[in-house]
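The block underneath contains the structure these notes are about, expressed in structure tokens.
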Amino acid sequence: MTSRSQLPTKIETALALLESARARHHGSMAVAFSGGKDSLVALHLVRTMYGGSVPLPVFSIDTGVKFPEVTAFRDRLAADWGLDLRIVQDADWAAMAADGAMPSTNRLECCRVLKVAPLRAAITELGLTALISGIRRDEHETRAGETAVSPREHPPHERIHPLLDFSETDVWDYIRTFDLPYAPPYDQGYRSLSCIPCTTAPGKEGQAASERASRNPDKEAVMAQLRALGYF
């Protein structure tokens, strides 16, 4: 576990990474913001880099079955921080999912339709050359070998990962240090949030459970394929 004394160094490294990306890509970047804790910290780092504003599109993939408390927090923060929030979704499929008609019982196909395809379309539509995300290396084994700057081909762009070497503890230390608001489900015991159908209630995982233990195991099992398709 990382000591709090290392957090300033990690913040400095993250901001340097973002500054380098800004120099390479100028305004042709967006920030991914799910409403979750990790993307919140990534978004705040971008806001810090730009001196208190986020002059970039902020992408939020909305499947229609996200926790309503999370989407309400996302929208409230967007208003409070003056974000250029872009809801990324296949509106027809998201509406059907909200009514209980999921695209598929196959988790890979479901995520492809509701998350990956809309994200790829949004990147293409805006002609972006970089997308900033809040993924962490220690959160999932498929991200363990990720790099801070990760080239992607479909469509061609770079993924920028300022939180890659942060731990879960670092994220919460950052949130407390900067007194950031966060989504209410974390106070109910959730450690990691996905769509409602793919997230179990907290308290069933046991003390030794991993951070993502509440996530659907079928989806977790296909993370490598999802990431190959363009997921985070």
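The values are calculated or read from the model by the stated rules, or taken from the named source; none is laboratory data. All values derive from a computational prediction rather than experimental measurement. Please note: Cβ atoms are built from the backbone with ideal geometry, for glycine as well, and neighbour counts cover all protein chains shown. Please note that ligands, DNA and RNA were not included when accessible areas were found on the heavy atoms of the full protein model with its side chains. Shrake-Rupley method; radii C 1.70, N 1.55, O 1.52, S 1.80 Å.
If you filter the range 40-53 down to residues that are in contact (Cβ under 8 Å) with a residue 24 or more places away in the chain and open to solvent by 10 Å² or more (accessible area, probe 1.4 Å), you find that the one that is nearest to the chain's Cα centre (by Cα) is H44.
Would you confirm whether any residue within the range 125-146 is polar (S, T, N, Q), farther than 30 Å from A95 by Cβ and loosely packed, with under 14 Cβ neighbours inside 10 Å? Taking every residue of the range 125-146 in turn, none turns out to be polar (S, T, N, Q), farther than 30 Å from A95 by Cβ and loosely packed, with under 14 Cβ neighbours inside 10 Å.
The condition (being in a helix (DSSP H, G or I) and either in contact with a His (Cβ under 8 Å, 6 or more places away or on another chain) or among the hydrophobic types (A, V, I, L, M, F, W, C) (or both)) is satisfied by just one residue among V31, V54, V58, V46: V46. When the residues of the range 56-102 are filtered to those that are open to solvent by 60 Å² or more (accessible area, probe 1.4 Å) and of a type in the set (K, R), the one that is nearest to A32 (Cα to Cα) is R86.
Close Cβ contacts (under 6 Å, 6 or more residues apart or on different chains) running from residues in the range 113-131 that are touching a residue at least 60 places away in the same chain (Cβ under 8 Å) to residues that are open to solvent by less than 10 Å² (accessible area, probe 1.4 Å) and basic (K, R) comprise L131/R159.
This table checks each residue for (1) within 13 Å of F232 (Cα to Cα); (2) small (G, A, S).
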{"site": "V116", "(1), (2)": "yes, no"}
{"site": "L119", "(1), (2)": "yes, no"}
{"site": "G127", "(1), (2)": "no, yes"}
{"site": "S133", "(1), (2)": "yes, yes"}
{"site": "E146", "(1), (2)": "yes, no"}
{"site": "S150", "(1), (2)": "yes, yes"}
{"site": "P155", "(1), (2)": "no, no"}
{"site": "L164", "(1), (2)": "yes, no"}
{"site": "S167", "(1), (2)": "no, yes"}
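Before we move on, is L7 under 18 Å from the mean Cα position of the chain (by Cα), in a helix (DSSP H, G or I) and closer than 22 Å to D173 by Cα?
Considered against the rule, which asks whether it is under 18 Å from the mean Cα position of the chain (by Cα), in a helix (DSSP H, G or I) and closer than 22 Å to D173 by Cα, L7 comes out as no.
When the residues of the range 104-124 are filtered to those that are open to solvent by 20 Å² or more (accessible area, probe 1.4 Å) and of a type in the set (G, A, S), the one that is nearest to E220 (Cα to Cα) is S104.
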